[in-house]
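Below is one structure; the comments refer to it alone.
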Amino acid sequence: MAMLKITDLEVSYGMIQAIRGINFEVEQGEVIALIGANGAGKTTILHTVTGLLKCKAGKIEFEGKDITKLPGHKIVSLGMAHVPEGRRVFADLSVLENLKLGAYTRTDKQEIEDTLKVIYKRFPRLEERKSQMAGTLSGGEQQMLAMGRALMSHPKIILMDEPSMGLSPIFVSEIFDIIKEISASGTTVLVVEQNAKKALSIADRAYVLETGNIVLEGAAKDLLENDSVKKAYLGE
Amino acid sequence: MGILQNILEQFINGLRSGSIYALIALGYTMVYGIAKMINFAHGDIIMVGAYALYVGLSILHLPAILAILLSLVVCTIFGVVIERVAYKPLRSAPPLAVLITAIGVSFLLQSVSLLIFGATPIPQESIVKFAGIKIGGLSISGITVVTLIVTTICMISLTWFIQKTKMGSAMRAVAEDKGAAELMGIDVNKTISLTFAIGSALASIAGILYVCQYQSLKPTLGAMPGIKAFVAAVLGGIGSVPGAMLGGIILGLIESLSKAYISTELSDAIVFGILVLVLLIKPSGLLGKIRKEKV
Ligand SMILES: Nc1ncnc2c1ncn2[C@@H]1O[C@H](COP(=O)(O)OP(=O)(O)OP(=O)(O)O)[C@@H](O)[C@H]1O
Ligand SMILES: [Mg+2]
């Protein structure tokens, strides 16, 4: 059984249909990349999966449970965390307050403290800046905070929307290293990226999205060799 | 009576009315911060609180403490229900529709109160029996002392709640970015309800203090303090909690001092004039921030 299973999903913004009946699956432990050009519908898919948007048709199942109609705030406690596009850290809250909100649905104080320690170990910069307002962090640091905040919920699967957007090459490599680490620690990863090369290099499988349809899917290493992918997304 | 003592007395009067404005302004600013709307019916919740106190004391003959509780509960319920029924369905509507709805709710509350209680002002004795204090030649009335103590306690506890508790940080998160807050597992609708509940409870306290001060009720009693408190919230920077407190106190002081030393008739004009001036220099208000809306 797939961990996350999307069936015939359709999503519209008013009259505009952004997602036109797509199917995909994420197996436990996989790193899945979802690539596509601007406006293809990547963010729309993630928002629908985590309940920020309602779908017009289709079904979303997580660990066999139908979560299609579940409101967004009930998703995270099932074990699904979402690092949104543009990071969306709470700028007027401190780094620590942001991280604590990531654990909002958890109740065991000791476990939260333990997770916090693990996250500080993975992102030492966040510990150094824990009392600083999140809005004053650099873009890369904010991305780390957004990831740390999502990890604070101790998710089984983490959805990341363009984690490398707007970052310098050094930060981009660092972020992808961290994604590999997150995966190695047992968390399933679904990553949306415009940086297709990087995303395909760390993914097990990938889906290619074009104007609301999945046009290609397969093992990431095969897609890296695929001519149309090379032409459209790898700039070769 | 020395001039200094006179000034001090006016200053304390200003603090008293200012702290009530601050209490009401908190409701405006918190609701604005979280729901991005001006709840024009907020002033009328003061009126609801005042009448609820009156019903408790003079009709149900409850002890003062129970009448206060009744007023708090009634206002809280009104605040939450108004949000659910009138504002929630309009959450993605254009701001103008929401504004007109809020004005409509305000008229509705006033009209219903007019129907039930009539237009003739109803006298209501103060529940503050404490005579006041004298420091040197300076006398401070009981209601002034009580008002200053109660409002200070309210503002300190609210600040503590917002800054130090989990629910408080959830509230700040929702105010900043509802979608991201939702992703944290925060129930945005509940948080908005909570905000309306707190704002309305503070308005009830303002209503009770108002009745004790003026000892008379009429259906429009909330309108003027409501407008003044709204001005205070804008002056302090709408959306900012310390701003609302500061704005309220400043407004009360200006009002009281200009009434005493310039002109009673002109005091409102002076208050609004200062608002315009502040907004010209700092459009976001004294402690407000200009922030880009997130989509
Ligand atoms: N709030 C909205 N209202 C109307 N249309 C929208 C809205 N959000 C997105 N769209 C449209 O839906 C389509 C998919 O948008 P989406 O944001 O999901 O794309 P994306 O693949 O994430 O793009 P990007 O790489 O630029 O982030 C686009 O055509 C976009 O214009
Ligand atoms: Mg996107």
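The values are calculated or read from the model by the stated rules, or taken from the named source; none is laboratory data. Remember, predicted model here, so these are calculated numbers, not experimental data. Cβ placement follows ideal geometry from the backbone for every residue including glycine, while neighbour counts extend to all protein chains displayed. Just so you know, the surface numbers come from the protein's heavy atoms only, side chains and all, with ligands and any DNA or RNA stripped out. Shrake-Rupley method; radii C 1.70, N 1.55, O 1.52, S 1.80 Å.
Just a few scattered comments:
- Among the residues of segment B:235-247, not a single one is within 30 Å of B:PHE130 (Cβ to Cβ), out of contact with any Leu (no Cβ under 7 Å at 6 or more places or on another chain) and either of a type in the set (Ser, Thr, Tyr) or open to solvent by less than 10 Å² (accessible area, probe 1.4 Å) (or both).
- As a summary of the residue check, A:LYS231 satisfies the conditions (1) more than 16 Å from ligand 1 (Cβ to nearest atom); (2) open to solvent by 70 Å² or more (accessible area, probe 1.4 Å); (3) in contact with a strand residue (DSSP E or B) (Cβ under 8 Å, 6 or more places away or on another chain) except for the one numbered (3).
- Residue in segment A:134-146 that is of a type outside the set (A, V, I, L, M) and under 21 Å from A:ASN38 (Cβ atoms) present: yes
- Yes/no for B:MET47 being surrounded by 24 or more Cβ atoms within 10 Å (Cβ to Cβ) and in contact with a helix residue (DSSP H, G or I) (Cβ under 9 Å, 6 or more places away or on another chain): yes
- When the helices (runs of 4 or more DSSP H) confined to segment A:84-130 are screened for residues that are closer than 17 Å to B:GLY168 by Cβ and in contact (Cβ under 8 Å) with a residue 12 or more places away in the chain, those reaching at least 3 such residues are found at A:95-102.
- Selection within segment A:30-51 - closer than 17 Å to A:TYR13 by Cα and away from ligand 1 (no atom under 15 Å from the Cβ): A:GLY51
- When the residues of segment A:135-158 are filtered to those that are more than 14 Å from chain B (Cβ to nearest Cβ) and open to solvent by 30 Å² or more (accessible area, probe 1.4 Å), the one that is modelled with the highest pLDDT is A:LYS156.
Every residue, every condition in (1) under 24 Å from B:SER169 (Cα atoms); (2) hydrophobic (A, V, I, L, M, F, W, C), yes or no:
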| residue | (1), (2) |
| --- | --- |
| A:LYS109 | yes, no |
| A:VAL118 | yes, yes |
| A:LEU126 | yes, yes |
| A:SER131 | yes, no |
| A:LEU145 | yes, yes |
| A:ARG149 | yes, no |
| A:PRO163 | no, no |
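- Residue pairs meeting the criteria (Cβ under 6 Å; at least 6 apart or on separate chains; first at negative phi, in segment A:220-234; second aromatic (Phe, Trp, Tyr)): none
- Selection count, segment A:145-168, where residues are farther than 18 Å from A:MET3 by Cβ and away from ligand 1 (no atom under 16 Å from the Cβ): 6
- Pair list, Cβ < 7 Å and 6+ apart or interchain, from segment B:165-183 residues that are facing chain A (nearest Cβ under 8 Å) and within 17 Å of B:GLY27 (Cβ to Cβ) to residues that are assigned to a helix (DSSP H, G or I) and at pLDDT 95 or above: B:ARG172/B:ILE162
- For segment A:184-214, a residue qualifies if it is of a type in the set (Ser, Thr, Tyr) and either within 15 Å of ligand 1 (Cβ to nearest atom) or farther than 23 Å from A:THR48 by Cβ (or both), and the qualifying residues are A:SER185, A:SER201, A:TYR207, A:THR211.
- Any hit, segment B:119-127, residues being surrounded by 15 or more Cβ atoms within 10 Å (Cβ to Cβ) and over 16 Å from B:GLN213 (Cβ atoms): no
- Residue check for A:GLN132: within 14 Å of chain B (Cβ to nearest Cβ) and either more than 16 Å from ligand 1 (Cβ to nearest atom) or more than 25 Å from A:GLU27 (Cα to Cα) (or both): no
- Residues of segment A:68-90 that are surrounded by 23 or more Cβ atoms within 10 Å (Cβ to Cβ) and within 15 Å of ligand 1 (Cβ to nearest atom): A:HIS82, A:VAL83, A:ARG87.
- Number of residues in segment A:62-112 that are away from chain B (no Cβ under 14 Å) and basic (Lys, Arg): the value is 2.
- Some residue of segment B:245-257 being touching a His at 6+ places or on another chain (Cβ under 9 Å), under 28 Å from A:VAL89 (Cα atoms) and modelled with pLDDT of 95 or more: no
- Note on segment A:176-196: residues that are more than 16 Å from ligand 2 (Cβ to nearest atom) and either hydrophobic (A, V, I, L, M, F, W, C) or surrounded by fewer than 20 Cβ atoms within 10 Å (Cβ to Cβ) (or both) total 12.
- Selected residue [open to solvent by 40 Å² or more (accessible area, probe 1.4 Å), within 13 Å of ligand 1 (Cβ to nearest atom) and under 26 Å from A:LEU101 (Cβ atoms)] from A:LYS54, A:LYS65: A:LYS54
- From the list B:ALA25, B:ALA50, the lone residue that is under 29 Å from B:TYR87 (Cβ atoms), assigned to a helix (DSSP H, G or I) and touching a strand residue (DSSP E or B) at 6+ places or on another chain (Cβ under 7 Å) is B:ALA50.
- A single member of B:ILE162, B:ILE208, B:ILE186, B:ILE198 is at pLDDT 95 or above, more than 10 Å from chain A (Cβ to nearest Cβ) and surrounded by 23 or more Cβ atoms within 10 Å (Cβ to Cβ), and it is B:ILE208.
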